[in-house]
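First the structure, in the form of C-alpha cells, and then the observations on it.
Read the figures in this text as sums done on the coordinates, not as results from a lab. Keep in mind it's a predicted model, so treat the numbers as computed, not measured. Reconstructed Cβ throughout: ideal geometry from the backbone, glycine too, with neighbour counts over all protein chains shown.
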Number of protein chains: 2
Amino acid sequence: MEDVAALAAVSAMTVSRALRDPTSVNTETRHRIEAAIDATGYVPNRIAGSLASRRTNVVGLIVPSLRNSLFAETIQGVSDALGAHHPLMIADSGYALAGEEAAIRAFLAQRICGIVLHNTQHTARSRTMLDDAGIPCVETGNLTEKPLDMTVGFSNYDAACAMTEYLIARGYRNIGFVSLPIRDNDRAAERRAGFLAAHQRRGLNSAPELLLESPPGLRSGGRALATLIERVPAVDAIFLSGDVLATGALLEANRRGLDVPNRIAIVGSDDNELQEAVSPPLTTLRFPRYQIGHQAAEMLMKRLRNPSRDIRRLDLGYELIERASA
Amino acid sequence: MEDVAALAAVSAMTVSRALRDPTSVNTETRHRIEAAIDATGYVPNRIAGSLASRRTNVVGLIVPSLRNSLFAETIQGVSDALGAHHPLMIADSGYALAGEEAAIRAFLAQRICGIVLHNTQHTARSRTMLDDAGIPCVETGNLTEKPLDMTVGFSNYDAACAMTEYLIARGYRNIGFVSLPIRDNDRAAERRAGFLAAHQRRGLNSAPELLLESPPGLRSGGRALATLIERVPAVDAIFLSGDVLATGALLEANRRGLDVPNRIAIVGSDDNELQEAVSPPLTTLRFPRYQIGHQAAEMLMKRLRNPSRDIRRLDLGYELIERASA
DNA sequence: ACTAGCGATGTTAGCGCAAACATAGGCGCG
DNA sequence: CGCGCCTATGTTTGCGCTAACATCGCTAGT
C-alpha cells in the first residue's frame, strides 16, 4: 500500500480510504490512486484490515453435507445474496452435532462476521461459543420457536402434518412413514412428529411398525418400500420425507408392478424435476430452499448494517404439489 | 491470550506455542494452559496469527455453480481432505471467466494459502494475479496439458472420444451430440472435440446439425432429443454429455414410445444412481469427482508442506459403464 | 474581517499474534 | 570443573492495515 501511496503522491491513509469508501476522497485523487493500484497490481490485505478494524466480512455456513443437492440450493442462495463483498466459508457437520461444534470453533477463530446454520440442535458448547462471540446467527433447517438469534425457513412439522392429513383425507389408513435417520437431525424428527400429530388430530393410530428410518439415496427408498410392504402388507400409502427416497420407492413399485396409487400411494418431499418426470408423477412437498439461503444471508447483512433486532423469524412456507401418485 | 497466559502463569508466547505445537512446551505447562483456555473460553484469533506469520490456512475453491450436484461431489472431496485445520472458502463463477476473476481477487485479498479451480480457461488478469500471488493452484475440471501449476482429474476429450468410438463400434452412424453451452466452458468444448475426433479417427463425418448445445436440466435433455429427431430423423444414437441431460432424453424417449436402444441409443456421462435405475439403464461415463476434489486438496497441502514441485499432473481417469441403452 | 464549520488529507498508535532472538537452567563429557 | 549444548521459556519487534484524532485550507455567515 505504501508503494501505491507513493505513486499516487498521497499518504497510505488516503489509499486506504479510497479503497473502503471512494466517496470520501477527492475524485481526482481517487483516479490517481486507482491508476497507481492498476500499475502496481496491488491486492489489498484484508487480513491486516480485519485485524485493525476488528471485524471481517466473511460469513460462515455450516450444512450437514456438501454433497446433498438440497443443501446446494441453499448454499447457492446464500452465495448469491452475499455477493462479492462478503466471502463465504463453508463447512459440513457430517450430520453430527460434534462436527458442527468443531466447524463453529474454526469459524470463530477466523472471526467471521456472521453465521448460517442448517441445524436447530446444537451442543451446549456450540451455544455458548456463539453467544459469547456476539455475532448474528441464522438457523435455517427448521423454523424453530426459540432460535439462538434469527431463523428463516419452513416448519418441517407443519409440512409433514399437512401431507399426512392430505393422505388421510383421501382415505388412506395404513400410511407408512420413512425419514432419514433421526439422530442429530431435527428436521427428520420434526417431520415424524408432524406425521404422528396428523394421525392424532384425526383420531387415528399409526402403528410403530409403519415408521422407518432409512439412509439417503434412490436405492434406499426402494428398500424402504420393500421393507414396509413385507412388514405390513396392508400398507396403502407411504410418505417418504427425505432426499430422493420417494423417487426410489416409486421406481421400485414400478419394477414390482405395483399400481401407484391404487395398490399403494407414494408421496415425497423436496420436489425436483425428476419427481415430476417419473410415472406417475409424484405428489410431493416443495420447499423454497434457494430463497431460504438468500433470505438468511440478507437477514445477516441487514443486521450487520443495523444491529437492531427487527426480524427474528421468517416463515417462507411450503407447497403441497398434487400429482398422480396419491 | 494475555488472560490465559496470566491464569496459567506463563507468558503469552508460551500459550501461542502450546496452541501451534503442543510438543514444544513442557507437558505440565501445557496442561495448565489447556485448563486456562477452558476456563476463560479463549478462542484464538487466527486473523492476528495470520498477519503476524504472513500466511493463512484458508483454501479457496471456485466452481462454476454451487447448485450442481456434480461439483458438490468435488466440494465434499476437497472439504474432507482439508479437515479441520484448513478452513474452506467457496465461490461460484456463474460459468463466467469474469466471475472467476472476481472470486480470485477476493480470495487473494483474504490471503488464501492455496486455490482449487474447476476451470482451465482463465482471463489474462486471473493468470497474472495467481502468478504474482505465488500460491499453489490446482485445476480440476479438465486434465490440461499446460496447467497454471498443478492439475488433477480426467481428460474430457479422451472420455468423449472413447464413448463415441464405442457407439461407432456398435454400428451407430448418425450420432447426435448434446453438450452444455460451450462458451466459457472448456469441459464441454473438450468433449465436443473428442466426439469429433472419434469420427475423424474412424474416417466418418459428423453432420453439424447433429451437434447441439443445451442448458442443464432433465427437461432440457428431453427437448434436446426432440430437437435432434426433428432435425435429423435418421439419428440412431445420441450422446448427451452433461448433467442429467441423458436421463431427461431417455424419459422423453420412453414417453414417445421410442425403443431404446433399437430405434435410438442414448448414452450419457456423470453416472449416478438414477442412470442405473431408469429403464433401460443408461450406458454412461463415470468420473471420479469426489476423488478429484480429495486429491486436489491433498496436492495443495503436500505442496504447502514441501514446496518442491513433484506431482504436477494426476490423471484419475474415467470409466465407461456399459448398460442397456446402447 | 473573524471564526465556526466542513471537506480533504495526514499522523499516531495499536489490533493480537508469531518470528527471531535472548535467556536461564540442567546435563553430559573430557 | 568448565564448556558446550539442549530444552523450556521470555522479550522485542513488527506484520499491514484502520480508528481516532490532528491539521490545513476554504467557504459562509454575521
- Message: Taking a point 7 Å out from Cα toward Cβ as the label site, list the nm distances between A:E213 and the same residue in every other copy, smallest first.
- Response: 4.8
- Taking the label point 7 Å from Cα in the Cβ direction, how far apart in nm is B:E276 from each other copy of itself, listed shortest first? 2.8
- Message: With both bridge residues required to lie in chain A, what share of the DSSP beta bridges run antiparallel, to the nearest 5%?
- Response: 10 percent
- Item | Global geometry of segment B:156-286, whether rounded, prolate or oblate, following the gyration tensor of its Cα atoms and the 1.5 cut on a/c | rounded
- Nitroxide proxy distance, nm - points 7 Å out along Cα→Cβ at A:I182 and B:R125: 5.5 nm
- Expressed as a rounded percentage, what relative contact order does chain B have, with Cα pairs under 8 Å and six or more residues apart? 17 percent
- Given a Förster distance of 22 angstrom, what is the FRET efficiency for A:E322 paired with A:E273, based on the Cβ-Cβ distance and rounded to 0.05? 0.80
- With axes computed from alpha carbons, what is the tilt in degrees of helix B:69-82 against the longest principal axis of chain B, rounded to the nearest 10 within 0 to 90? 30 degrees
- Could you work out the local net charge near B:I33, counting Lys and Arg as +1, Asp and Glu as -1, over the other residues with Cβ closer than 15 Å to its Cβ? -2
- Which residue, B:I47, B:I112, B:I33, has the most motion in a Gaussian network model of chain B that connects Cα atoms within less than 10 Å? B:I33
- Of the residues B:Q275, B:N205, B:G242, the Cα lying farthest along the dipole of segment B:198-289 towards its positive end, which is defined by charges on the beta carbon of Lys, Arg, Asp and Glu, belongs to B:N205
- Query: Label B:R313 and B:R55 with points 7 Å out from Cα along Cα→Cβ: what is the distance between them in nm?
  - Reply: 2.7 nm
- Report the antiparallel proportion of the DSSP beta bridges in the protein assembly as shown as a percent, rounded to a multiple of 5. 10 percent
- Message: Within segment B:159-198, list the residues whose amide N lies under 17 Å from a label point set 7 Å along Cα→Cβ of B:E209.
- Response: B:173-178
- Message: From the helices alone, meaning DSSP H stretches of at least four residues, give me the mean residue ellipticity at 222 nm for chain B, per-run term -39500 (n - 2.57), in deg cm²/dmol to the nearest 500.
- Response: -14500 deg cm²/dmol
- Rounded if a/c is under 1.5, else prolate if a/b beats b/c, else oblate: with a ≥ b ≥ c from the C-alpha gyration tensor eigenvalues square-rooted, which is the protein assembly as shown? oblate
- Query: Out of B:A189, B:A253, B:A234, any idea which swings most in a Gaussian network model of chain B, alpha carbons joined below 10 Å?
  - Reply: B:A234
- Note on the structure: Checking A:R289, A:R192, A:R67 against a Gaussian network model of chain A (alpha-carbon springs below 10 Å), the top fluctuating residue turns out to be A:R67
- Note on the structure: Taking a crude spin-label model, label points 7 Å out from Cα along the C-beta direction, the A:D38 to B:R256 distance in nm is 5.3 nm
- Query: Taking one equal scatterer on every alpha-carbon of segment B:1-93, how large is log10 of I(q)/I(0) by Debye at q = 0.13, 0.18 1/Å?
  - Reply: -0.60, -0.83
- Query: Net charge near A:L285, counting Lys/Arg +1 and Asp/Glu -1 over other residues with Cβ under 9 Å of its Cβ?
  - Reply: -2
- By how many degrees, 0 to 90 and rounded to 10, does the Cα axis of helix A:97-109 deviate from the longest principal axis of chain A? 10 degrees
- Item | Helix B:186-201 axis, angle to chain B major axis (alpha carbon atoms, nearest 10°) | 40 degrees
- Per-copy distances of the B:R201 label point, shortest first, in nm (7 angstrom along Cα→Cβ): 6.1
- Summing +1 per Lys or Arg and -1 per Asp or Glu among the other residues with Cβ less than 14 Å from B:L245's Cβ gives -1
